[in-house]
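The values are calculated or read from the model by the stated rules, or taken from the named source; none is laboratory data. Please read these numbers as outputs of a predicted model, since none were measured by experiment. Every residue, glycine as well, gets a Cβ built from its backbone with ideal geometry; the counts of neighbours run over all protein chains shown. Remember, those area values only see protein heavy atoms, side chains included, never the ligands or the DNA or RNA. Shrake-Rupley method; radii C 1.70, N 1.55, O 1.52, S 1.80 Å.
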Amino acid sequence: QPRLYSIASSQQLYEDEVHLTVSALSYEAHGRSHQGTASSHLVQHLQEDDVLAVYVAENNHFRLPANSDTPIIMIGAGTGIAPYRAFLQQREATGAHGKNWLVFGNRHFNRDFLYQQDWIKFRKAGVLDRVSLAFSRDTSNRVYVQDKLREEGEQIYQWLQQGAHIYVCGCITMEKAVRTAIAEIVNSCGEETAQNADIIIDNLRSQGRYLRDVY
């Protein structure tokens, strides 16, 4: 079976390269160790100049706004950060003026802050306007991306009022928690009558402003 990985680089910047973000899956089950078929092959067994069979699967529902002035909020956990590196490379290369906010979560700051140097560079260049981080195993109280969203709910709501597009990349469980948090923010900060999470997210999705890449 094929495995689909988000592309972590912009073709505008790397014309004939494709960058991937791969975490080798390893787990215990039924009294023995198991490894992810594709991830362990890519990370542990593949050698330079080896040949792989690959293809591009287009995702027309997870791409930058047509209007480059549109603000974007990029929410991801673990390797779900991959497409946002490509997004910011693209926005920097094309001189886009839209604001960019990264909300990223992983386990440990020291070993799991993927592409840290890239985000620092984008911040210094003025491409990345805001960064919110959640490293769940570094504190006694576990904090996840949905918790960071709630903490900065008023700013999230302001960006939504400015027409921001929300992107969510990562596991389905995380996306469900993010969906709930966004709905709570809209209900608490907005003047509209309280609505359930599904209606709020459906409205954003119908406007093309809530986009998912989940697995």
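Between ASP112, ASP147, ASP16, where does the largest GNM mean-square fluctuation fall for the chain, given springs only between Cα atoms within less than 10 Å?
ASP16
For a quick check, take a GNM of the chain with Cα springs below 10 Å and name the residue from GLU154, GLU17, GLU184 with the largest mean-square fluctuation.
Ranking GLU154, GLU17, GLU184 by mean-square fluctuation puts GLU17 first.
Check each of the trypsin sites (Lys or Arg not before Pro) in segment 115-162 and keep only those in coil by DSSP with at most 16 other C-beta atoms within 10 angstrom; list them in order.
Loop-located and lightly packed - ARG137, ARG142.
For LYS121, go through the lysines and keep the ones whose alpha-carbon is under 21 Å away, minus same-chain ones fewer than eight residues off.
LYS99
Rg and Dmax of segment 1-96, Cα atoms, in Å?
16.3, 54
Can you find, among LEU204, HIS108, PRO2, the residue sitting farthest towards the positive end of the charge dipole of the chain, where Lys and Arg contribute +1 and Asp and Glu -1 at Cβ?
Highest projection toward the positive end goes to HIS108.
What is the log10 of I(q)/I(0) for segment 102-215, computed with the Debye formula using one identical point scatterer on each Cα and no solvent, at q = 0.13, 0.15, 0.20 Å⁻¹?
-0.54, -0.71, -1.20
For segment 75-128, run through the chymotrypsin sites (Phe, Trp or Tyr not before Pro) and keep only the ones in DSSP coil with at most 16 other Cβ atoms within 10 Å of their Cβ.
Answer by residue number: PHE113.
With a 1.4 Å probe and every protein chain left in place, work out the accessible area per residue of the chain in Å², rounded to a whole number.
That works out to 59 Å² for each residue.
As a check on your grasp of the helix formula, calculate [θ] at 222 nm for the chain: sum -39500 (n - 2.57) over DSSP H runs of n ≥ 4, divide by the residue count, round to the nearest 500.
Calculated mean residue ellipticity at 222 nm is -10000 deg cm²/dmol.
Give the carbon-plus-sulfur fraction of the accessible surface of segment 65-150 in %, rounded to a whole number; probe 1.4 Å, heavy atoms of protein chains only. The partial results should precede the final answer.
Details: 1750 of 3950 Å².
The value for segment 65-150 is 44 percent carbon and sulfur by accessible area.
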